[in-house]
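The values are calculated or read from the model by the stated rules, or taken from the named source; none is laboratory data. For clarity, every value in this text was computed on a predicted model and none was experimentally measured. Positions of Cβ are backbone-derived with ideal geometry, glycine not excepted, and every protein chain shown enters the neighbour counts. Please note that ligands, DNA and RNA were not included when accessible areas were found on the heavy atoms of the full protein model with its side chains. Shrake-Rupley method; radii C 1.70, N 1.55, O 1.52, S 1.80 Å.
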Amino acid sequence: MPDSIEAKRPENSNDRRHQIFPTLSEAQFEILTRYGERRRFKAGEVLFREGDRHVPMYVIVSGAIAIERGGVNGPHHVVTDGPGVFTGEVGTLAGRAAIATGKVSLDTEAIVIDEASLRTLVIVEAELSELIMRAFILRRVAFIQDVHGGGVTMIGSRHSSDTFRLREFLARNGQPVAYFDVDEHSDTAELLQRFALSLDDLPAVIDPRGGVLRRPSIRQVADAIGISPDSLEGRRFDLAVVGAGPAGLAAAVYAASEGLKVIVLDSQAPGGQAGSSSKIENYFGFPTGISGQALAGRGLSQARKFGAEVAVPIEVTSLACNAERGFDLTLDDQQHIHARSMVIATGARYRKPVLANLEQFEGQGIYYGASFMEGNLCLGEDIAVVGGGNSAGQAAVFLSSLARHVHVIVRGQNLAASMSRYLIQRIEAMPNITLLAGTEIIELIGTSRLEKIRWRRQDGAIEEREIANVFLFLGAQPNTGWLGGCVKLDADGFVLTGASLGPHDWPLSRAPHALETSRPGVFAVGDVRCGSVKRVAAAVGEGSIAVQALHDYLASVAA
């Protein structure tokens, strides 16, 4: 058992410090010794640096390890871990880039547990798994909330759609980032000069090692800061899940926990449409509600705990229909992987209204999600939320706490047919929310960003308002273009499954499973599926059901 000394805690950890930095009991410590190698380190040694991938977990027997974060304003101390404390956070479990640097403060003996052994540990040792996973998750949250910032730095403008796109990607992937805005922060000018950046170079991202990316793509940022996966070329899996929304993550959790080798691929971030919701209040088991990002983060951690590879931002561009005993997928970077079975969980995107210059204002007044980041762009302003479903209702309620006034615009006569009653009641009770039934936006007005909108009422009257932020939640269009005809779709592009398939759509003598597509071994779950219930709980349920059916399929092809 290690010497009993108290580690120095970060000042902002408050009453959760015992969960963020738990000190192991003697029994827990003895268990951990079975999963790693004891090693000694001299004071001053650097165990890992920000940006390093595949960093092991260090369990301190004696001595101390200081955790620091870098940044454009120099490094700052986060915490000093002492005997009985372990290093790491959620990225450690998946081999992603470290978001802090670990330095030996005193001569130290530690148990070094590599990535593979750590995954075995969190599956086999239930009590320790709970302690470690909770600490890992809370540490990532603490890093995101760190007032000192550090690590990844971004310089941009709130009036830039490219800036918004990158900030949204980083936020939805839970990446801690220090953001400096040229229009809001006085110290941004000094940063531009220090890194030889002009306004034409923005948005710019400075990675943990000091590399500067000028007007980068999402993939370039992901590669530079260690979000994207290692090479996938030629790798083989039992199951490929395309789409990391609730349905896809649920399928990954159940499949990986049952011993299948699983990869999840998503072009944006875990969570799908649900991941951009500010609060989901009717999901079973969360009486006080939970944000879509928090729910997605828990699902992501759970999938990785069981060994699923979650690859973001990776888009599947094509699916080979003629692969023998499996399926060949081509990725957007021209890598290729092979899977014995597949789950299609690419969901649906909000429909875009037919409006001139709509795309010009995307990220500059037109938004398809309502997280805290979008909400902070419209503080004290009048805004419009367009749509009559639950997503629109959740957005309106959330944004009413930030905006001066929220106009909810729907083409129908009321919300009763499409929105949950609790949301309708909440909207009716809010003094700064106005429902405009029988109304549609007919024009967007602005130059570099949205400035005004015009709408038409059901009596034909046209009104113009100074509204610079519009949130669109209009119906759903399935993300099925990448399938290239490999499975049968309905007239609207949703995937046909089970009993929805016609007699000539199914090639085998056995009946298709309920969630199986026209191609045996390929299943569809969640919003992408024809006839699906557009609810998070239903998507999660379908993900679990599909795994049971694909076990039957894999057994049949292996026979």
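Could you please find all residues in the stretch 485-523 being open to solvent by less than 30 Å² (accessible area, probe 1.4 Å), in contact with a helix residue (DSSP H, G or I) (Cβ under 6 Å, 6 or more places away or on another chain) and assigned to a loop (DSSP other than H, G, I, E, B)?
If the condition is that a residue be open to solvent by less than 30 Å² (accessible area, probe 1.4 Å), in contact with a helix residue (DSSP H, G or I) (Cβ under 6 Å, 6 or more places away or on another chain) and assigned to a loop (DSSP other than H, G, I, E, B), then L515, G521 are the ones that fit.
Does any residue of the stretch 206-216 turn out to be among the acidic types (D, E), surrounded by 13 or more Cβ atoms within 10 Å (Cβ to Cβ) and under 24 Å from the mean Cα position of the chain (by Cα)?
Within the stretch 206-216, the first condition is being among the acidic types (D, E), and the residues that meet it are 207.
Add one more test, that the residue is surrounded by 13 or more Cβ atoms within 10 Å (Cβ to Cβ), and what stays is 207.
Within this subset, residues satisfying the condition of being under 24 Å from the mean Cα position of the chain (by Cα) are 207.
Yes; the residues of the stretch 206-216 include at least one that is among the acidic types (D, E), surrounded by 13 or more Cβ atoms within 10 Å (Cβ to Cβ) and under 24 Å from the mean Cα position of the chain (by Cα).
Between L436, L423, which is within 25 Å of N376 (Cβ to Cβ) and more than 32 Å from the chain's Cα centre (by Cα)? Spell out the reasoning first.
Values: L423 fails: more than 32 Å from the chain's Cα centre (by Cα).
L436 is the lone residue from the list that is within 25 Å of N376 (Cβ to Cβ) and more than 32 Å from the chain's Cα centre (by Cα).
Answer with yes or no whether A269 is modelled with pLDDT of 95 or more and either touching a helix residue (DSSP H, G or I) at 6+ places or on another chain (Cβ under 7 Å) or not polar (S, T, N, Q) (or both).
no
Could you pull out the residue among W455, W482 that is under 20 Å from R349 (Cα atoms) and not in a loop (DSSP other than H, G, I, E, B)? Spell out the reasoning first.
Working: W455 fails: under 20 Å from R349 (Cα atoms).
After ruling out the rest, the residue left standing is W482.
Any chance the stretch 377-384 includes a residue that's touching a helix residue (DSSP H, G or I) at 6+ places or on another chain (Cβ under 8 Å) and over 30 Å from S448 (Cα atoms)?
The answer is no, given that none of the residues of the stretch 377-384 is touching a helix residue (DSSP H, G or I) at 6+ places or on another chain (Cβ under 8 Å) and over 30 Å from S448 (Cα atoms).
Being open to solvent by 30 Å² or more (accessible area, probe 1.4 Å), more than 21 Å from A476 (Cβ to Cβ), of a type in the set (D, E) and touching a residue at least 60 places away in the same chain (Cβ under 8 Å) narrows it down to one residue among E381, E362, E428; which is it? It would help to see each step written out before you state the result.
Values: E362 fails: more than 21 Å from A476 (Cβ to Cβ); E428 fails: touching a residue at least 60 places away in the same chain (Cβ under 8 Å).
Criteria check complete, one pass: E381.
Run down G71, G51 and say which single residue is in contact with a strand residue (DSSP E or B) (Cβ under 7 Å, 6 or more places away or on another chain), in contact (Cβ under 8 Å) with a residue 24 or more places away in the chain and within 18 Å of K103 (Cβ to Cβ). Don't jump to the end; show me each part of the working.
Details: G51 fails: in contact with a strand residue (DSSP E or B) (Cβ under 7 Å, 6 or more places away or on another chain).
Criteria check complete, one pass: G71.
If we only count strands (runs of 3 or more DSSP E) wholly inside the stretch 38-155, which ones have 3 or more residues that are open to solvent by less than 20 Å² (accessible area, probe 1.4 Å)?
Working: elements: 46-48, 57-69, 76-81, 101-113.
Because the criterion is at least 3 residues that are open to solvent by less than 20 Å² (accessible area, probe 1.4 Å), the strands (runs of 3 or more DSSP E) in the stretch 38-155 that meet it are 57-69, 101-113.
When G438 is evaluated against the numbered criteria (1) over 24 Å from L358 (Cβ atoms); (2) among the small types (G, A, S); (3) free of Cβ contacts under 8 Å to residues at least 60 places away in the same chain, which criterion, by number, is the only one it fails?
Every condition holds for G438 apart from (1).
I want to confirm something. Restricting to the stretch 263-279 and keeping residues that are touching a residue at least 60 places away in the same chain (Cβ under 8 Å), of a type in the set (A, V, I, L, M, F, W, C) and open to solvent by less than 10 Å² (accessible area, probe 1.4 Å), which single residue is farthest from A116 (Cα to Cα)? Outline the logic, then answer.
Within the stretch 263-279, the subset touching a residue at least 60 places away in the same chain (Cβ under 8 Å) is 263, 265, 267-279.
After this cut, where a residue has to be of a type in the set (A, V, I, L, M, F, W, C) as well, the list is 263, 265, 269, 274.
Remaining after also requiring open to solvent by less than 10 Å² (accessible area, probe 1.4 Å): 263, 265, 269.
Values: I263: 16, L265: 21, A269: 24 Å.
Filtering the stretch 263-279 for residues that are touching a residue at least 60 places away in the same chain (Cβ under 8 Å), of a type in the set (A, V, I, L, M, F, W, C) and open to solvent by less than 10 Å² (accessible area, probe 1.4 Å), the one farthest from A116 (Cα to Cα) comes out as A269.
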